[in-house]
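The values are calculated or read from the model by the stated rules, or taken from the named source; none is laboratory data. As the structure is a computational prediction, the values presented were derived from the model and not from experiment. Using ideal geometry, Cβ is built from the backbone for each residue, glycine included, and neighbour counts are taken over all protein chains shown.
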Amino acid sequence: MIFRRNLSLRWKIPLRVMGAVLGTAISVTAALVVWEYDEMRLNLEGHAKSLGRVLANTLVGPVLHDDIWRAYEILQSARETYPAAPELHAEVVLITDADYKVFVSSKPREFPIGSSPATKGGAYAQLRSGSVGGDAMAQRVLEPAGSPVYFVMSPLVADGVALGHVILGYSKVSFMPRFVGLVKRAALVTVLVLLIIAPISWVWASRTGEPLLRLAEAMRRVPGELAESRLTDLPKSGDEIGQLAEAYQRMVGELKDKQELERQMVVSERLAAVGRLTAGIAHEINNPLAGMLTAINTYQRHGSGNDPLALSTLSLLERGLTQIRHTVGALLVESKAKDRPFAPEDVADLLILAEAEAHGRGIGVVVVSELHQPLALPATLMRQILLNLLLNAISAAEEGGGVRLLVEPGDRHLRLAVTNDGDYIPQERMDTLFEPFATTSDRGHGLGLWIVYQIVQQLAGEIEVESLPGYTTFKVDIPYGNTV
Amino acid sequence: MAGEAARATLIISLMFPSDRTLLRTRRRRLLLALASLPAWPAAATSADGAVVRIGLTPVFLDDQVSFLGQWRAWLEKKLDRAVVFVQRGNYREISDLLRAGKIDFAWLCGYPYIRHRREFRLVAVPLWRGQPLYQSYLIVPADDHKTHSIGELRGKVFAYSDPDSNSGFLYPQYLLLQQGERPSSFFARTFFTWAHRKVVEAVGVGLADGGAVDGYVWETLAEGRPDLTAATRIINRSPLLGYPPFVARSDIPARDLEQFRQVLLGMQADPLGSELLGRLRLDGFTVGKPALFDGIAQMAERVDGK
């Protein structure tokens, strides 16, 4: 039962269809066989009755004249076999007198003249006066229960007096071969029909189940492999399965969007936390740092200044502290209050800077700029963004590959896109891509994207990475007009 | 059959109850009924000598239409007269026709000849196995191994061929009388088959527990249809008795009688005649004397005078 319930639709639908086909075939066959059987019985009875009538009419003379031999000859001729219908062949023909004593029979050894057929027992026991019911002057069919023989009795009537009976005994057994033949024929036809219908039904049923199977297969992948699940070839049709597939696709799409959003939120929150932390630390470092650098400067300018060891030490300290200030400064990008607008010349400058870097590795840099007039965006920060993205792209590009910069000022947004054809960024790096020191590149210090991120944040823009095998694109979208 | 009759301008009616189909039997009965109509006026003119009428029965002649056709043609050629075979289902009808002078000759059993010997004239007696003699056989079914004499058939069913047959009726009657039995009540049931061959069949299938049959018919049948005779067993053979003779009506002209007798006696010497005799398994004819039938006469006296 459980097995049956758990059986895959791959089998369940075809098996059920096969069951229905088989059931239909069997019941139609059975109905035909029953109908045919009835027909055969009716035919036989009609034949037996007419034969009985003919015999009864013919035998009146011989019986009246006690002409046993003539009666016997007539019986023999009446028992001719019909090879096409062996069941029409009477097993035995008895002519009895009014007391059911044999006048003559077609089987003289079994039913000798003058004997009573009832002494033979079995079905014949009924053939005695008093046992046979019904109208003695009418034809009767005597079918003793559980007997392999049944009788068709026709009265021998002369001048309104019943002289005796013509009793045709038919074997139900001889009926069987014909019936078995009929059943065999019907079974053969059924099998032939099934041979044609069954494969068609099987294929058809399998096709009906197949979309459901695909849908089930796709659903099994949720939520682990959403992308794969989404790519599954689902049925496209207007029926319920098609609707189901469509709804499923929609659901998977929404799930995927939600997952993506959650991931982005996690990244954004982490970046925000990192930003707050670095800003705090930078602030705390910057104040004493400024004091220390001022003190060193004052000492260098106004100190005794003769001690060479002190001077070299202070110089060392100054260099170190300056490096700290640069690093902290890089971590904490601050927009300057006053800046000039971002102009087409800036893009040209950046191209010159980037080409110098790209030239060494044979990388082509293409710039497509729609910027023809200055925009109300801080030029320094914008240059920083573009320079960082371009340098990153050049270092990621294949040897002899290409980098493409798109600058596209929109209605209220400036859209930037930097594409390279290098290796794509694996998913696990995506999440920490913008974090400071996250990259362990031998060239960069891992702060480039962090700076880009902070600037974009400050400018209330959006940054998006799309990385697929063969190309990686950083898209930046910055609103202008209300800033600066 | 009908075509044959038309050509001869006279109609031969055959009544050989067929052992094949009911339909054929009925058709023949119908033919018999139709055929008997024109036969009578024709018979009435027989006295002028234009046509020789010979009565036959199927009691020992089997259903041999083609044989009878050839034999009739042969007789016509030899007699130089038209020959008509008048066939009836039993000896009684033939002997009645002969006594009434409606036929000229008849092939009868010795028993009716003896009964009416003052009205009939003996023409010739066939020779079977070289003698004008034959026997009656009493037979039982082959699967009955116990019965060895007619006395053991008491209360059984017995088949006779014809009530005017010597071998098929008179002999068993006589035998029973000799044993002190009353033939009329000895058997539980008796019936006539009107042909010797059918006695063999009736006993063979077990319809009758015993039967009396012409030994000549049994032996001839044993050659052609051994399956029929093999189903029977002979339990008694009668003494040798006079073979069924050809007889003539009493008022037959001497010339006609002699002519017919000579034709029969010469049959053996004639090539076609001997071939025809061969088909009957007969050797020829002999003049025969009435004394040949004394044995039958003796039995008839005992049976009829009981």
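Answer yes if at least one residue in the stretch A:80-88 is of a type outside the set (Val, Ile, Thr) and within 14 Å of chain B (Cβ to nearest Cβ), and no otherwise. Scanning the stretch A:80-88 turns up at least one residue that is of a type outside the set (Val, Ile, Thr) and within 14 Å of chain B (Cβ to nearest Cβ).
All conditions but one from (1) touching a helix residue (DSSP H, G or I) at 6+ places or on another chain (Cβ under 9 Å); (2) surrounded by fewer than 20 Cβ atoms within 10 Å (Cβ to Cβ); (3) not in a helix (DSSP H, G or I) apply to A:VAL104; the one that does not is (2).
Restricting A:ASP423, A:ASP431 to residues that are touching a residue at least 60 places away in the same chain (Cβ under 8 Å), assigned by TED's automatic domain parsing to the domain that holds A:LEU350, of a type in the set (D, E, K, R) and in contact with a helix residue (DSSP H, G or I) (Cβ under 8 Å, 6 or more places away or on another chain) narrows the list to A:ASP431.
Report yes if A:GLU318 is more than 26 Å from A:ALA393 (Cβ to Cβ), at pLDDT 85 or above and not in a strand (DSSP E or B), otherwise no. Yes. Any residue at all in the stretch B:158-166 that is more than 14 Å from chain A (Cβ to nearest Cβ), in contact with a Phe, Trp or Tyr (Cβ under 6 Å, 6 or more places away or on another chain), in contact (Cβ under 8 Å) with a residue 24 or more places away in the chain and closer than 26 Å to B:LEU282 by Cβ? The answer is yes; a qualifying residue exists.
Per-residue answers, yes or no, for (1) over 19 Å from the mean Cα position of the chain (by Cα); (2) of a type in the set (Lys, Arg); (3) assigned to a helix (DSSP H, G or I); (4) surrounded by fewer than 22 Cβ atoms within 10 Å (Cβ to Cβ):
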position: B:VAL199; (1), (2), (3), (4): no, no, yes, no
position: B:GLY211; (1), (2), (3), (4): no, no, no, no
position: B:GLN262; (1), (2), (3), (4): yes, no, yes, yes
position: B:MET267; (1), (2), (3), (4): yes, no, no, no
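Filtered by the rule that a residue be in contact (Cβ under 8 Å) with a residue 60 or more places away in the chain and farther than 10 Å from A:LEU416 by Cβ, the stretch A:460-478 gives a lone residue, A:THR472. Within the stretch A:2-39, the residues that satisfy the criterion of being exposed (fewer than 15 other Cβ atoms within 10 Å of the Cβ), small (Gly, Ala, Ser) and under 24 Å from A:VAL191 (Cβ atoms) are A:GLY19, A:ALA20, A:GLY23, A:SER27, A:ALA30, A:ALA31.
Looking across the stretch B:275-289, the residues that are part of a helix (DSSP H, G or I) and either at pLDDT below 90 or loosely packed, with under 15 Cβ neighbours inside 10 Å (or both) come down to B:GLU275, B:GLY278, B:ARG279.
Of all residues in the stretch A:56-75, those that are facing chain B (nearest Cβ under 9 Å) and part of a helix (DSSP H, G or I) have Cβ atoms under 9 Å from Cβ atoms of residues that are surrounded by fewer than 24 Cβ atoms within 10 Å (Cβ to Cβ) and basic (Lys, Arg), 6 or more apart or on another chain, in A:THR58/B:ARG26; A:ILE68/B:ARG189.
Checked against the criterion of being among the polar types (S, T, N, Q), without any contact (Cβ under 8 Å) to a residue 12 or more places away in the chain and surrounded by fewer than 17 Cβ atoms within 10 Å (Cβ to Cβ), the stretch B:240-251 contains not a single residue that satisfies it. Do we find a residue being in contact with a helix residue (DSSP H, G or I) (Cβ under 9 Å, 6 or more places away or on another chain), within 14 Å of chain A (Cβ to nearest Cβ) and surrounded by 23 or more Cβ atoms within 10 Å (Cβ to Cβ) anywhere in the stretch B:228-238? Among the residues of the stretch B:228-238, at least one is in contact with a helix residue (DSSP H, G or I) (Cβ under 9 Å, 6 or more places away or on another chain), within 14 Å of chain A (Cβ to nearest Cβ) and surrounded by 23 or more Cβ atoms within 10 Å (Cβ to Cβ), which makes the answer yes. Looking for something modelled with pLDDT under 90, under 60 Å from the mean Cα position of the chain (by Cα) and either buried (at least 18 other Cβ atoms within 10 Å of the Cβ) or not acidic (Asp, Glu) (or both) - is there at least one such residue anywhere in the stretch A:71-84? Yes, that holds for at least one residue. Evaluation of B:GLN178 against the conditions (1) more than 14 Å from chain A (Cβ to nearest Cβ); (2) touching a helix residue (DSSP H, G or I) at 6+ places or on another chain (Cβ under 6 Å) shows that the sole unmet condition is (2). Against the definition (at pLDDT 65 or above, part of a loop (DSSP other than H, G, I, E, B) and within 14 Å of chain A (Cβ to nearest Cβ)), how does B:GLY89 come out, yes or no? Considered against the rule, which asks whether it is at pLDDT 65 or above, part of a loop (DSSP other than H, G, I, E, B) and within 14 Å of chain A (Cβ to nearest Cβ), B:GLY89 comes out as yes.
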